[in-house]
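Inspection log for the structure reproduced underneath, given as structure tokens.
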Amino acid sequence: MNPYDYPLSLKLDFSTGALEPGVHVTPRRVSDLALMFHDKEAVAAAIAQRDPVVYEILSQGFPGSRTDAAIAISRIYPGRVGDEYHFTKGHFHERDDQAEVYFCLKGEGYLLLERADGEFRAEPWQPGTISHIPPAWGHRVVNTGRDLLFFIGIYHLSAGHSYKQVEERGFAQLVVERDGRPILIPNPRRIPR
Ligand code: S6P
Ligand code: ZN
């Protein structure tokens, strides 16, 4: 008997983003994102100080005998490294036929999306925003608010994660603070193809 062939319900706390039961929690610290933030001096200073947690992934797979649906809550803490707002690493799915749905439950920010051919989108996010991520679009969420941002991602375990392209090239645009407000600027370290 596969327990995931039977219904299962989880409980989400709408104020904290906590999800129970049986959820696997993966913290990501500044050191895990050292290749992603553009200001390497600010990265080194943050790591030397206390290497803060930027976000946590609370994941629950449902690997049944005929499906492998999964969900994950990502909780991004407010803050910046240098002038760049906290974000998820960002990835492409290994399988290029795998879409995903993101649902913003709390906080404000952007969903950055980019295709391998350079097509780029920045979707403004607030609670209630539901974004469809089509296959073959890299995706990253940025928290530009003063409070926690969290969202649910719904996907298949078979989709897989590839971080290589984002580590090497980043996204086309960065979300940075200027005069106390978030703006998008071209990524200065983008290597021309
Ligand atoms: C999985 C889904 C999310 C992310 C999570 C963290 O396909 O997109 O659960 O894994 O938001 O982002 P990242 O880029 O560190 O995996
Ligand atoms: Zn994904």
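The values are calculated or read from the model by the stated rules, or taken from the named source; none is laboratory data. Model, not experiment: these values are computed from the prediction. Cβ atoms come from the backbone with ideal geometry, glycine included; neighbour counts cover every protein chain shown.
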Test VAL141 against the stated conditions and say whether it is more than 11 Å from ligand 2 (Cβ to nearest atom) and either over 25 Å from TYR4 (Cα atoms) or assigned to a helix (DSSP H, G or I) (or both).
-> no
May I ask you to say which residue of PRO7, PRO52 is surrounded by 14 or more Cβ atoms within 10 Å (Cβ to Cβ) and at pLDDT 95 or above?
-> PRO52
Looking at region 144-193, which of its residues are closer than 19 Å to TRP125 by Cα and part of a loop (DSSP other than H, G, I, E, B)?
-> THR144, GLY145, ARG146, ASP147, LEU148, PHE171, ALA172, GLY180
If you scan region 105-137, which residues turn out to be within 15 Å of ligand 2 (Cβ to nearest atom) and polar (S, T, N, Q)?
-> SER131
In region 138-168, how many residues are polar (S, T, N, Q) and either touching a Leu at 6+ places or on another chain (Cβ under 9 Å) or surrounded by 21 or more Cβ atoms within 10 Å (Cβ to Cβ) (or both)?
-> 2
Neighbours by Cβ (under 6 Å, 6+ apart or cross-chain): first from region 99-124, within 10 Å of TRP137 (Cα to Cα) and modelled with pLDDT of 95 or more; second more than 16 Å from ligand 2 (Cβ to nearest atom) and not in a strand (DSSP E or B) = GLU114/ALA172; PHE120/ALA172
Across region 10-49, what is the number of residues that are surrounded by 15 or more Cβ atoms within 10 Å (Cβ to Cβ), touching a strand residue (DSSP E or B) at 6+ places or on another chain (Cβ under 7 Å) and closer than 23 Å to ILE152 by Cβ?
-> 7
Quick one: in region 122-137, which of the residues that are surrounded by fewer than 16 Cβ atoms within 10 Å (Cβ to Cβ) and in a strand (DSSP E or B) is farthest from ligand 1 (Cβ to nearest atom)?
-> PRO124
So ARG66 clears everything in (1) touching a Lys or Arg at 6+ places or on another chain (Cβ under 8 Å); (2) surrounded by fewer than 17 Cβ atoms within 10 Å (Cβ to Cβ) except one condition, right? Which one?
-> (1)
Residue pairs qualifying under the 9 Å Cβ cut-off, at least six apart or on distinct chains, with the first in region 40-53 being on the phi < 0 side of the Ramachandran plot and the second being of a type in the set (Lys, Arg) and surrounded by 13 or more Cβ atoms within 10 Å (Cβ to Cβ), are ALA42/ARG80; ALA46/ARG29; ILE47/ARG29; PRO52/ARG29; VAL53/ARG28; VAL53/ARG29
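Which ones in region 1-47 are among the basic types (Lys, Arg) and within 16 Å of the chain's Cα centre (by Cα)? Give the derivation first.
Taking region 1-47 first, the residues among the basic types (Lys, Arg) are 11, 28-29, 40.
Scanning region 1-47 gives ARG28, ARG29.
Conditions (1) more than 16 Å from ligand 1 (Cβ to nearest atom); (2) closer than 23 Å to THR67 by Cα, marked per residue:
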site: MET1; (1), (2): yes, yes
site: LEU12; (1), (2): no, yes
site: GLY17; (1), (2): no, no
site: PRO21; (1), (2): yes, yes
site: THR26; (1), (2): no, no
site: VAL30; (1), (2): no, no
site: PHE37; (1), (2): no, no
site: LYS40; (1), (2): yes, no
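If we keep just the residues of region 92-132 that are among the hydrophobic types (A, V, I, L, M, F, W, C) and closer than 20 Å to ASN187 by Cβ, which is farthest from the chain's Cα centre (by Cα)?
Going residue by residue through region 92-132, those that are among the hydrophobic types (A, V, I, L, M, F, W, C) are 92, 99, 101, 103-105, 111-113, 116, 120, 122, 125, 130.
Remaining after also requiring closer than 20 Å to ASN187 by Cβ: 92, 111-113, 116, 120, 122, 125.
Details: PHE92: 11, LEU111: 8, LEU112: 9, LEU113: 11, ALA116: 18, PHE120: 16, ALA122: 13, TRP125: 13 Å.
Going through the qualifying residues, I end up with ALA116.
Can you tell me which residue within region 81-104, out of those that are closer than 19 Å to PHE150 by Cβ and crowded, with 19+ Cβ neighbours inside 10 Å, is nearest to ligand 2 (Cβ to nearest atom)? Walk me through how you get there before you give the answer.
Initially, region 81-104 is screened for residues closer than 19 Å to PHE150 by Cβ, giving 85-91, 100-104.
Filter once more, so that each one left must be crowded, with 19+ Cβ neighbours inside 10 Å: 85-88, 90, 100, 102, 104.
Values: TYR85: 20, HIS86: 18, PHE87: 14, THR88: 9, GLY90: 9, GLU100: 5, TYR102: 8, CYS104: 15 Å.
Restricting to residues being closer than 19 Å to PHE150 by Cβ and crowded, with 19+ Cβ neighbours inside 10 Å, the top hit is GLU100.
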